[in-house]
Amino acid sequence: MILPMVIPKALAEQKVLAAVKDGKLAACIVRPSSIIGPPDYRPSPFGKTILDYADNKMPIITNGGYNLVDVRDVSQTIINSLQKKLTGEIYLLSGTYLTIKEIAKIANPTKFFFKISIDLLLVLLPIIKLYDYLVGIPWPLTKESLITLKLAPLHMDHAKATRELNHQSRPPSESILDLLSWYKKQQQ
């Protein structure tokens, strides 16, 4: 079954589960938290944030954080799900919650970052976007990303995926440092 990219994830999940129920598809659903790690060619929004912290392009941190999982761990868990041929199940593929401050310090341990609350950043967002436009150095801040950081749960339970799919999650510091090393090699 091929689903157009414009279908929201929740609706796509419903369509997949309906096809599984009707016997038209053998599939399971995986729901990864925020995926980081190499390779990251675009880069992803979180990858860009990590790069910006490492390259001194993002001078601020804020409160909040998010659960991070390495792309390599997500990929292995997906392979495990295909080998086990489980169908109709839903699995949360999470890792470890890190604050933005922790992420910034891993990416750039010697840098001093100014801390601004998420609520203030939300108020300042139009000015930040204007600055981005005028200076040409876009910060990866959006209203959605800031609200996500503010509301993200401290714990996401991936016990089912660990038990049934042998989901493993490496420390996010390893993923961040591997990502930065990968980017550095890409620039050579």
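The values are calculated or read from the model by the stated rules, or taken from the named source; none is laboratory data. All figures in this text were calculated on a predicted structure; none of them were measured in a lab. All Cβ positions, even for glycine, are placed from backbone atoms using ideal geometry, and neighbour counts span all protein chains on display.
Per-structure values
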quantity: Within the stretch 31-59, tally of residues that are surrounded by fewer than 17 Cβ atoms within 10 Å (Cβ to Cβ) and not polar (S, T, N, Q); calculated: 8
quantity: Qualifying residue in the stretch 167-186 (condition: under 25 Å from L17 (Cβ atoms) and among the β-branched types (V, I, T)); calculated: no
quantity: Residue satisfying all of: in the stretch 69-99; at pLDDT below 95, of a type outside the set (A, V, I, L, M, F, W, C) and farther than 15 Å from H158 by Cβ; surrounded by the fewest Cβ atoms within 10 Å (Cβ to Cβ) among these; calculated: K85
quantity: Restricting the stretch 1-30 to residues that are out of contact with any Leu (no Cβ under 8 Å at 6 or more places or on another chain), modelled with pLDDT under 85 and over 23 Å from N67 (Cα atoms), the residue that is surrounded by the fewest Cβ atoms within 10 Å (Cβ to Cβ); calculated: I2
quantity: Qualifying residue in the stretch 150-162 (condition: among the charged types (D, E, K, R) and touching a Ser or Thr at 6+ places or on another chain (Cβ under 8 Å)); calculated: yes
quantity: Complete set of residues in the stretch 105-114 that are exposed (fewer than 14 other Cβ atoms within 10 Å of the Cβ) and touching a strand residue (DSSP E or B) at 6+ places or on another chain (Cβ under 6 Å); calculated: F114
quantity: Filter result for K57 (more than 21 Å from H158 (Cα to Cα), touching a Phe, Trp or Tyr at 6+ places or on another chain (Cβ under 9 Å) and among the charged types (D, E, K, R)); calculated: yes
